[in-house]
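Just passing along the structure, written as structure tokens.
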């Protein structure tokens, strides 16, 4: 599998597993979520607190959702959605389901 890194410059780079300097796929990366289970997409949070995915075959970046107090993210096993744990306030957390295709996010549970 290819490897992805975010150096101090905040650029998301991807390189073949057998080596190379890497291709910049996105800039302004603040937090790495990781590879989708099928290996086609890579999710990250940019410096503006927006969840985004990059299609590693086309290098196309798709912004998915603006975040507030994000504290956890995971991929669904089929690579079609991400689940986000968002802190609404000190006493309330929310669970969101965000489709990787860019369609509308859905609130699954709040204040749990």
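The values are calculated or read from the model by the stated rules, or taken from the named source; none is laboratory data. Everything quoted here is computed from the prediction, not taken from an experiment. Ideal geometry is used to build each Cβ from the backbone, glycine not excepted, and the neighbour counts take in all protein chains shown.
Kindly provide the set of residues from the stretch 37-72 that are assigned to a strand (DSSP E or B) and within 17 Å of residue 111 (Cα to Cα), ordered by number. Walk me through how you get there before you give the answer.
Restricting attention to the stretch 37-72, the residues satisfying the condition of being assigned to a strand (DSSP E or B) are 41-46, 50-55, 60-66, 69-72.
If the condition is that a residue be assigned to a strand (DSSP E or B) and within 17 Å of residue 111 (Cα to Cα), then 69, 70, 71, 72 are the ones that fit.
So, one more: Taking into account only those residues within the stretch 73-112 that are surrounded by 11 or more Cβ atoms within 10 Å (Cβ to Cβ) and on the phi > 0 side of the Ramachandran plot, which is modelled with the lowest pLDDT?
102
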